[in-house]
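Quick note: the coordinates plus some simple rules give every number you see, no bench work behind them. All figures in this text were calculated on a predicted structure; none of them were measured in a lab. Here Cβ is always computed from backbone atoms with ideal geometry, including for glycine, and neighbour counts include all displayed protein chains.
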Amino acid sequence: MHPKRGSMTAPLRTLSFRSRDALRIALLAFAALGVAVSSGCAQEDYYCDASGCYRCDGVGCRLLDPPTRPTCRGDFECVAPTVCTSLGCAAECAADADCPEGTICRAGVCAAPQEPIPEPMPGTCTRNSDCGDASLVCRDGTCVSAPEPACSATNPCPSGQACVAGSCRADVDTCQFNFECGASRICVNQQCTTGCTADAMCGAGFTCDEANGACVAISPVPGMCTNDAACGAGRVCIDSSCYDGCTTDAMCGTGRYCAAGVCRPDTRPSPFCTSNAMCAPGRPCIGGVCRTPCDTSATCAMFDVQFNFCGADNYCLTTNEVTSDCSSAAQCTSGQACIDGICR
């Protein structure tokens, strides 16, 4: 029986063969694509370009942040092998392989491609002022943390320290009254020193400040060095001046002591006592002196003409302890010094 005119039976049968071939080809192509996709998912990739560093997988790529870097003011604040840069403490490098993920080797240090080129900040200097921070000093040509922070009327020292000659010192290393300094010395502006009327009365390295009647250390000459080597063996360069270096007091000799790695004039107090055990029974050690109990000032005068006033705590005091108007020069008017607890 012949198909009727207009019937689609024969053409449909023809198309079905073609469709099967097309479907077979499509399935093979899709399978090949699946293999390719599967291969990409199984392997991660890491790369960097001008926009940054990326870690990629079959899902996509993610931008990696550079490692967190501590801020710094010089190489002295960075842990080797990192150095101080405008980006913070950054690792030194010779090739990209030397750098952690998220960074590449740029100008000898590791930085992300999208970051500005890091500028070195080694903290080199000649004078303290080059360091730009009162908490830093220029030592051996490099800015380092000041062992004794700088201080002033507007930049006071922390609790337990006093501002002496522009540097913070422990309270126990300062004086207020002459008796704290020991025999033949006086207390001037919180420092124990020798009284004088002429330079000849002062030791080497000192001159007589006749206005205050006290020997004062001669300031070192600036502009003598840029590093320790320029000062010679055993000496150090600080703020362009040469100092005798040290690690112990014995290295400094008589009249000096070792502080912050350099020898300085010993202006510390010399207490008569440091504990009650060093005093006679009934006489406690207060303020470095074995104190005498009292009821009246007449009682004090019988024991010591220097400690001739009976204080409110019933211990003998010096007259200046009772009438003191200063503990430092900052409490005196301009041109005056605090000597034995009195502005003069």
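Rounded to the nearest 10 degrees, the inclination of helix 9-41 to the longest alpha-carbon principal axis of the chain is 20 degrees. Using R0 = 22 Å, the C-beta based FRET efficiency linking Ala312 and Asn276 works out to 0.60.
Computed from backbone phi with θ = phi - 60° and the Karplus coefficients 6.51, -1.76 and 1.60, the 3J(HN,Hα) list for the stretch 262-276 is 9, 7, 9, x, 7, 9, 6, x, 10, x, 6, 8, 10, 8, 4 Hz; x is used for glycine and proline. Where does the charge balance sit around Ala90 when Lys and Arg score +1, Asp and Glu -1, over other residues with C-beta under 12 Å from its C-beta? Net of charged neighbours comes to -3. Using the Cβ-Cβ distance between Asn155 and Asp98 with R0 set to 56 Å, the FRET efficiency from 1/(1 + (r/R0)^6) comes to roughly 0.85.
The structure shown yields Rg and Dmax of the Cα atoms in Å, and of the options (1) 39.8, 155; (2) 25.8, 85; (3) 20.1, 58 that calculated value carries the label (1). Full extension of the chain between Ala330 and Met251 gives 25.1 nm of extra length, using 0.36 nm per residue less the Cα-Cα distance. Between Phe76 and Ser184, full extension at 0.36 nm per residue minus the direct alpha carbon distance yields a gain of 34.6 nm.
For the stretch 184-190, 3J(HN,Hα) computed residue by residue from phi via the Karplus equation (6.51, -1.76, 1.60; θ = phi - 60°) reads 6, 10, 10, 9, 10, 6, 6 Hz, glycine and proline entered as x. Backbone amide hydrogens, once placed in the peptide plane, bring Cys326 within less than 5 Å of Cys343, excluding anything fewer than 5 places away on its chain.
Pairs of alpha-carbon atoms within less than 8 angstrom and 6+ residues apart define the contacts here; what relative contact order does the stretch 153-233 have, in percent? For the stretch 153-233, the relative contact order is 15 percent. Measuring from centroid to centroid over Cα atoms, what is the spacing of the stretch 193-219 and the stretch 73-149 in Å? Comparing the Cα centres of the stretch 193-219 and the stretch 73-149, I get a distance of 44 Å. Electrostatic bookkeeping for Thr103 treats Lys and Arg as +1 and Asp and Glu as -1; over the other residues with beta carbon under 9 Å from its beta carbon, the sum is -2. Applying 1/(1 + (r/R0)^6) with R0 = 45 Å to the Cβ-Cβ distance of Arg55 and Ser129 gives a FRET efficiency near 0.45.
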